[in-house]
Amino acid sequence: KYSILSETAQETFKINQNTGEITTSKPLDREMEPYHEFLVQVTDPGKRSGLTSVLVTVVDVNDNSPQFIVPRYFGTVFPGTSPNSTILQVEAIDIDDGPNGVISYSLVGNGKVTKLFSVESSSGNVSVKVSPSFIEESMYQFFVRATDRGNP
């Protein structure tokens with residue numbers, strides 16, 4: 001007869017008393033608990049028993065979206081700023097693991113904005129592409145999208 005000895009593990013896992021097959025009794029979340037370790041005991045009809053340690057590693061799924069560190073970013077282009085100069089850096093985090101937590105940045109906006117500004121996909125550095133003398137308006141508002149590389 002097989003049994004799980006940890007009461008905490010009994011809330012999360014079930015064990016078939018006859019076969020020893022272990023299944024989950026509720027969803028697992030790597031961000032909450034990346035692994036579970038517990039003892040399993042097997043007892044034969046003669047009341048002899050043995051113990052083994054079970055370690056369950058929870059594999060990450062892409063269940064979190066990137067979140068920007070601050071809700072709004074501001075940058076300034078001064079007269080004399082060289083083209084391709086960084087004017088600000090945006091930053092997002094994603095608590096998923098592996099590719100699911102790797103963030104790529106992209107500029108969202110109309111043609112005018114994308115002609116004047118760019119964002120470096122891996123660093124989040126936002127740059128002005130042209131000399132300030134070619135910038136017609138005193139203020140531009142645009143969005144930067146943070147996307148993780150997870151699937152889906």
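Mind checking which residues of the stretch 1-23 are small (G, A, S) and in a loop (DSSP other than H, G, I, E, B)? Selection gives S6, G20. Applying the set (1) in a loop (DSSP other than H, G, I, E, B); (2) touching a residue at least 12 places away in the same chain (Cβ under 8 Å) to K115 leaves exactly one unmet item: (1).
Residue-level check: of (1) assigned to a loop (DSSP other than H, G, I, E, B); (2) in the same structural domain as Q141 (by TED's automatic domain parsing); (3) under 13 Å from the mean Cα position of the chain (by Cα), N62 misses just (2). Restricting the first member to the stretch 68-89 and to residues that are closer than 21 Å to S121 by Cβ, and the second to residues that are surrounded by 15 or more Cβ atoms within 10 Å (Cβ to Cβ) and small (G, A, S), the beta-carbon pairs closer than 7 Å and six or more apart or on different chains are F68/A92; F68/A146; I69/A92; N84/S127; S85/S127; T86/S127; I87/S127; Q89/G124. With respect to I95, determine if the residue is surrounded by 14 or more Cβ atoms within 10 Å (Cβ to Cβ) and either over 26 Å from V59 (Cβ atoms) or touching a Lys or Arg at 6+ places or on another chain (Cβ under 8 Å) (or both). Judged against the criteria, I95 is not a match. For the stretch 24-34, a tally of residues being under 17 Å from N100 (Cβ atoms) and in a strand (DSSP E or B) returns 0.
Every residue, every condition in (1) modelled with pLDDT of 95 or more; (2) exposed (fewer than 14 other Cβ atoms within 10 Å of the Cβ); (3) outside the structural domain of E120 (by TED's automatic domain parsing), yes or no:
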position	(1), (2), (3)
L28	yes, no, yes
H36	yes, no, yes
K47	no, yes, yes
F74	yes, yes, no
V77	no, no, no
I87	yes, no, no
P99	no, yes, no
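Of the listed requirements (1) in a strand (DSSP E or B); (2) at positive phi; (3) not hydrophobic (A, V, I, L, M, F, W, C), K47 misses just one: (1).
Among the residues of the stretch 56-83, the ones that are closer than 10 Å to N100 by Cβ and polar (S, T, N, Q) come to 2 in all. Would you confirm whether any residue within the stretch 1-9 is outside the structural domain of V128 (by TED's automatic domain parsing), in contact with a strand residue (DSSP E or B) (Cβ under 6 Å, 6 or more places away or on another chain), more than 20 Å from G150 (Cα to Cα) and at pLDDT below 95? Among the residues of the stretch 1-9, at least one is outside the structural domain of V128 (by TED's automatic domain parsing), in contact with a strand residue (DSSP E or B) (Cβ under 6 Å, 6 or more places away or on another chain), more than 20 Å from G150 (Cα to Cα) and at pLDDT below 95, which makes the answer yes.
The values are calculated or read from the model by the stated rules, or taken from the named source; none is laboratory data. Since this is a predicted model, take the numbers as computed values, not measurements. Don't worry about glycine lacking a Cβ; one is built from the backbone with ideal geometry, like all the others, and counts go over all protein chains shown.
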